[in-house]
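If you scroll down you'll find the structure; I have some questions about it.
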Amino acid sequence: ERKGARFIMLGTPNRGSYDMVESLAGMAKTIRQLALLDLDHTTSEIVNIVAAYQGALELLPQEKDANNKWEYFSADTWTRLRSVMESRAQINVQVLSAAKDALQDLPERIPFGDRVRYVAGWAPKTVCGLKVEDNRLLFQATAEGDGRVTYKAGLLPDIPVWYVDAEHGDLPDHAPAFPAYRELLEEGVTTRLSTSPLSADRG
């Protein structure tokens, strides 16, 4: 490792993303597209394949319930939601538990945090919660996110952050931001990007 080297997180979902909840519910755009293309598997079967990967479940939001426990890492939560999910997928309890254990073993503050910089994107809507109403699963959205990861779920304490007018998947390929990325890697700071959330500029 080069002395003084810096690293950039581009919209990293450090505390998970509701995009994975949408995926497990069979409602995410990617899952729907796979279901249209795959003639051999139903939506539920595709979701079950995704849910079998511990790394996928580690992307679930680390939101706490009324009992101060991570709601989406509880088998009871998925049992309750299954009846209203389009996929009717079955979440493997062992894989879910392993994902939770892996996340809980992570330190609260990341190693070498002084060398890390965070760049957040922006999109008009980012899923930030859900509720069940009239036997339907309804997702709630916020303007404070990049389309997949909310600012609340991405940002880390004591890690400097800059904002780019690009959605989550476009952050690594957003050419206008490349000079700023280079400055962040080489100098650790840049004036080419905003340090205020772009959502504030859009009301």
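The values are calculated or read from the model by the stated rules, or taken from the named source; none is laboratory data. Quantities reported herein were computed from a predicted structural model and do not represent experimental measurements. Note that we place each Cβ from the backbone using ideal geometry, even for glycine, and neighbour counts take in every protein chain shown. The protein model used for the area step is the full one, side chains on, heavy atoms only, and it has no ligands, DNA or RNA in it. Shrake-Rupley method; radii C 1.70, N 1.55, O 1.52, S 1.80 Å.
Restricting the first residue to region 88-102 and requiring it to be without any contact (Cβ under 8 Å) to a residue 24 or more places away in the chain, which pairs with a second residue that is open to solvent by 30 Å² or more (accessible area, probe 1.4 Å) meet a Cβ separation below 6 Å and a spacing of at least six or different chains?
Close Cβ pairs (under 6 Å, with a partner that is open to solvent by 30 Å² or more (accessible area, probe 1.4 Å)) amount to VAL93/ALA75.
Could you tell me how many of the residues in region 16-54 are under 17 Å from SER74 (Cα atoms) and without any contact (Cβ under 8 Å) to a residue 24 or more places away in the chain?
Going through region 16-54 one residue at a time, the tally reaches 0.
For region 1-60, give me each residue that is touching a helix residue (DSSP H, G or I) at 6+ places or on another chain (Cβ under 6 Å), within 30 Å of VAL189 (Cβ to Cβ) and charged (D, E, K, R).
ARG6, ARG15
Quickly run through region 118-166 and pick out the residues that are open to solvent by 30 Å² or more (accessible area, probe 1.4 Å), part of a strand (DSSP E or B) and not β-branched (Val, Ile, Thr).
Of everything in region 118-166, those that are open to solvent by 30 Å² or more (accessible area, probe 1.4 Å), part of a strand (DSSP E or B) and not β-branched (Val, Ile, Thr) turn out to be CYS128, LEU130, LYS131, GLU133, ARG136, LEU138, PHE139, GLN140, ALA141.
Testing SER17 on (1) in contact with a strand residue (DSSP E or B) (Cβ under 9 Å, 6 or more places away or on another chain); (2) under 25 Å from ASP170 (Cβ atoms); (3) open to solvent by 20 Å² or more (accessible area, probe 1.4 Å), one condition comes back false. Which one is that?
Single failed check for SER17: (3).
Which of the residues spanning region 37-61 are open to solvent by 80 Å² or more (accessible area, probe 1.4 Å) and either in contact with a Phe, Trp or Tyr (Cβ under 8 Å, 6 or more places away or on another chain) or farther than 21 Å from VAL84 by Cα (or both)?
LEU37, LEU39, ASP40, TYR53
Hey, among ASP76, ASP65, which residue is at pLDDT below 90 and on the phi < 0 side of the Ramachandran plot? Lay out the reasoning, then the answer.
On the way: ASP76 fails: at pLDDT below 90.
Going through ASP76, ASP65 in turn, the sole match is ASP65.
Return the residue satisfying two criteria in turn: it lies in region 20-36 and is within 13 Å of the chain's Cα centre (by Cα) and not hydrophobic (A, V, I, L, M, F, W, C), and of such residues it is least open to solvent (accessible area, probe 1.4 Å).
SER23
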